[in-house]
Amino acid sequence: MKKSNLVRIVGPSELIALAVMALALILPAIMTDAAAVSVLTQFMIAAMGALSVYIMLRMDLMFFAVPAFMAIGGYAAAILSARHDTTDLSILTVAAFGLPFLLAIPLGLLVLRMKGVYFVLVTFVLAEIMPLILFETPGFTGGSNGIAGLPAVTVFGDTYAIESNNAVLMLACGLALLSVVLTVVLTRYFKSQFDSIREDEVLAQSVGLAVARYKIIGFCFAAGIAGLAGFALVEMLMTAHPSSFSAMSSVNYVAYAIVGGQSAILGPLLGAGILVWAANLFSLQGEISQGLFGLVLMLAVVFAKGGLIGLIQQHGTRVFSRRRPPTGQVKGQNEKEYV
């Protein structure tokens, strides 16, 4: 396949995102700083949560239920490994993605009937309810104690165990790459349908587009990718606890996608990277850390209304248009040519 055809089919932004995440797989082998490894692992988890929001934003739906589905995926992996001695990475990955994906079908049939602020409110309520369910079902989820002492995830049978921080980073990088691949396939394959719903849902439905079907598909994939993020978070913390999936964390994932930009898949990745780095940097500033983080969000929203990726695209287009010679003009030739 020619390079130009590949770019046209997959998309330039998507190719860059895939390349970046694929190259990130070498980071665990070269990173020696424990703090940097921790921040990179947090970034990978944040990127997956932001991709979940990004999928729904492609249909003009603000999605706040990411922590709820993260909890489902994380607890599914934790219960399988801690109570059923299932530590194989492939099985846990399928469970972490598959269970939220399946539960999103009946939930989506109810939630996706709502629009605008009502959809936002209901998804945030889902995120609020999930920790309560986890606390009130101690026999199944461990309640306020959570599920601690998780055994190490194994790869290729028992050949390799994910125990060190660098190994957890490798796991997070692999799950993030899988999330990017799933997002690219979904958003490119259903690009015209998602764009139609985003532009005018009523018009799309009036011309025969099965709007409900595509919204369910997007909702299920968003839930599954959030479940992968929950799996990575549980492995990083080595415990599954309700407090790890608080409803307020949903604001962070939405902020990653909005600040980064929703016009391209690089947007949520860029937003997650910058804001995770900023949060860790400002955490050293004590009481004013939250204020500094909020200031960064305000500046990003005010001065980059299309997100950071939109700002980059805008300035890149201007620079390119300035450097490109006017149409029909050849170097060394006068601006007008008379015959």
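The values are calculated or read from the model by the stated rules, or taken from the named source; none is laboratory data. Bear in mind the structure is a predicted one, so any value in this text is a computation, not a measurement. Positions of Cβ are generated from backbone atoms using ideal geometry, with glycine treated the same way; all protein chains shown enter the neighbour counts. Keep in mind that these areas ignore ligands, DNA and RNA; they rest on the heavy atoms of the full protein, side chains included. Shrake-Rupley method; radii C 1.70, N 1.55, O 1.52, S 1.80 Å.
Given Thr87, Ala226, Ile72, which one lies farthest toward the positive end of the charge dipole of the chain, if we put +1 on the Cβ of every Lys and Arg and -1 on the Cβ of every Asp and Glu? Going by the charge dipole, the pick is Ala226. Rounded to the nearest Å, what's the spacing between the alpha carbon centres of the range 24-92 and the range 228-288? Just the number, please. Measuring centre to centre over Cα atoms gives 10 Å. For the chain, a simple Cβ point-charge model (Lys and Arg +1, Asp and Glu -1, everything else neutral) yields a dipole of about 1460 debye relative to the Cα centre.
Using the Cα gyration tensor of the range 1-92, with a ≥ b ≥ c the square roots of its eigenvalues, what is the shape: rounded (a/c below 1.5), prolate (a/b larger than b/c) or oblate (neither)? Since a/c reaches 1.5 but b/c is at least a/b, the shape of the range 1-92 is classed as oblate.
A probe of 1.4 angstrom, applied to the heavy atoms of all protein chains, finds Leu92 with accessible area near 0 square angstrom. From the Cα gyration tensor of the range 67-192, with a ≥ b ≥ c the square roots of its eigenvalues, which class applies: rounded if a/c is under 1.5, or else prolate if a/b is larger than b/c, or else oblate? Judged from the Cα gyration tensor, the range 67-192 comes out oblate (a/c at least 1.5, b/c at or above a/b).
Between Ser243 and Ala35, residue separation times 0.36 nm minus the direct Cα-Cα distance comes to 72.6 nm.
Pair-distance distribution P(r) for the range 142-269, from all Cα-Cα distances in 10 Å bins starting at 0: 10, 31, 31, 18, 8, 1 percent.
In the context of the full set of protein chains, the range 188-310 has a per residue accessible area of 45 Å² (1.4 Å probe). The coefficient of translational diffusion for the range 139-206, derived via Stokes-Einstein from the alpha carbon Kirkwood radius under 37 °C and 0.692 mPa s, stands at 204 µm²/s.
Of Leu18, Leu295, the residue with the largest accessible area leads and the full order is Leu295, Leu18 (1.4 Å probe). Accessible area per residue was computed with a 1.4 Å probe on protein heavy atoms; Glu128 scores about 80 Å². The relative contact order of the range 208-290 comes to 13 percent, based on Cα pairs under 8 Å that sit 6 or more residues apart.
Whenever you get a sec, compute what percent of the accessible area on the range 107-207 sits on carbon and sulfur atoms (1.4 Å probe). Can you show the working numbers first?
Values: 3670 of 5670 Å².
With neighbouring chains kept in place, the figure for the range 107-207 is 65 percent.
Put simply, when 100-108, 21-29 are sorted by average Cβ atoms within 10 angstrom per residue, most first, you get 100-108, 21-29.
Once you keep just the Cα pairs under 8 angstrom separated by 6 or more residues, what percentage relative contact order results for the range 96-170? Before the final figure, lay out each step's value.
Numbers: 29 pairs, mean separation 8.0, N = 75.
That works out to 11 percent.
Rounded to 0.05, the FRET efficiency of the Asp195 and Leu25 pair, given R0 = 41 Å and the Cβ-Cβ distance, is 0.85. For the set Arg113, Arg83, Arg188, solvent exposure ranked by accessible area (probe 1.4 Å, protein chains only) runs largest to smallest as Arg113, Arg83, Arg188.
For the range 1-118, with every protein chain kept in place, what is the accessible area per residue (1.4 Å probe, Å²)? Please list the in-between numbers first.
Numbers: 5410 Å² over 118 residues.
Ligands and nucleic acids excluded, the figure is 46 Å² per residue.
Among the DSSP helices (H) of the chain, those spanning at least 15 angstrom by Cα along their long axis with an average Kyte-Doolittle hydropathy of 1.6 or more are 12-23, 34-57, 89-111, 116-135, 165-189, 266-282, 289-303; this is a geometric and hydropathy rule only.
Of the residues Gly142, Ala22, Leu110, the one whose Cα sits farthest towards the positive end of the charge dipole of the chain is Ala22 (charges of +1 on Lys and Arg Cβ, -1 on Asp and Glu Cβ, taken about the Cα centre).
So what's the chain giving for Rg/Rh, alpha carbon basis, Kirkwood Rh from the mean inverse pair distance? Show your work: numbers first, answer last.
Working: Rg = 21.9 Å, Rh = 21.3 Å.
When Rh is taken as the Kirkwood radius, the ratio is 1.03.
Under the simplified labelling scheme, the Ala210-Glu163 pair shows an inter-label distance of 5.0 nm, with each label point 7 Å from Cα along Cα→Cβ. Assign one of three labels to the range 1-52, namely rounded, prolate or oblate, based on the Cα gyration tensor with a ≥ b ≥ c the square roots of its eigenvalues; rounded applies when a/c is under 1.5, prolate when it is not and a/b is larger than b/c, and oblate otherwise. Note, shape of the range 1-52 comes out oblate.
Val20 exposes around 80 Å² of accessible area when a 1.4 Å probe is run over every protein chain in place.
Only protein atoms count toward the accessible area here, which uses a 1.4 Å probe; on the range 1-76, the carbon and sulfur part of that area reaches 71 percent. Listed values for the range 147-162 are Karplus-derived 3J(HN,Hα) couplings in whole Hz (6.51 cos²θ - 1.76 cosθ + 1.60, θ = phi - 60°), namely 10, 10, x, 5, x, 5, 6, 10, 10, 6, x, 10, 5, 9, 10, 8, and x replaces Gly and Pro.
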